[in-house]
Amino acid sequence: MKLLLDTHILLALIGHGVGSLPTAAAALLRDCGGEHHLSAASLWEIAIKCRLGKLKLTLELGALPELLDGLGIKIVAIDERHALASVEPEPVTRDPFDRMLLAQCQVEGLRLVTVDRALVSHPLAARG
């Protein structure tokens, strides 16, 4: 299964490892046949929160791409198809980062790995 990691899933992975995630999310990530992806929107969100002092990382922001590469996580760039996609069904969240992740899932054939209550029941969310 091709998976897109929600921002908080990545932060848990790099902070405390896959064992810190709920069982269903951890099982999805441990599946050896799965492809793991991260949106450029998540990197943008992390950078914004770090610069505002709302998030502290144990590594430099600039080290994230190399870390992701080492973990086998591919970056999904944002393009016009993602920006213009109308996600169906309409998500309950008004968060523009969440909407972009769902749009990328819809366009790229990905499933979102999340524990966010606003997203976990969406049809584009992965089921463990």
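The residues of the range 103-125 that are of a type in the set (V, I, T) and either in contact with a Leu (Cβ under 6 Å, 6 or more places away or on another chain) or surrounded by fewer than 20 Cβ atoms within 10 Å (Cβ to Cβ) (or both), listed by number, are V107, V113, V115, V120. In the range 88-102, is there at least one residue being out of contact with any strand residue (DSSP E or B) (no Cβ under 8 Å at 6 or more places or on another chain), in a helix (DSSP H, G or I) and either buried (at least 18 other Cβ atoms within 10 Å of the Cβ) or charged (D, E, K, R) (or both)? Looking through the range 88-102, at least one residue is out of contact with any strand residue (DSSP E or B) (no Cβ under 8 Å at 6 or more places or on another chain), in a helix (DSSP H, G or I) and either buried (at least 18 other Cβ atoms within 10 Å of the Cβ) or charged (D, E, K, R) (or both). All conditions but one from (1) of a type in the set (A, V, I, L, M, F, W, C); (2) over 22 Å from P123 (Cα atoms); (3) touching a helix residue (DSSP H, G or I) at 6+ places or on another chain (Cβ under 6 Å) apply to M100; the one that does not is (2). Looking at the structure I just gave you, is A26 out of contact with any strand residue (DSSP E or B) (no Cβ under 7 Å at 6 or more places or on another chain) and surrounded by 18 or more Cβ atoms within 10 Å (Cβ to Cβ)? Yes: the conditions hold for A26. Consider the range 106-124 and keep the residues that are of a type outside the set (D, E, K, R) and not in a loop (DSSP other than H, G, I, E, B). The one that is farthest from S20 (Cα to Cα) is V107.
Each reported figure results from applying straightforward, stated rules to the coordinates on display, with no laboratory input. Being a predicted model, the structure only gives us computed values, none of them experimental. All Cβ positions, even for glycine, are placed from backbone atoms using ideal geometry, and neighbour counts span all protein chains on display.
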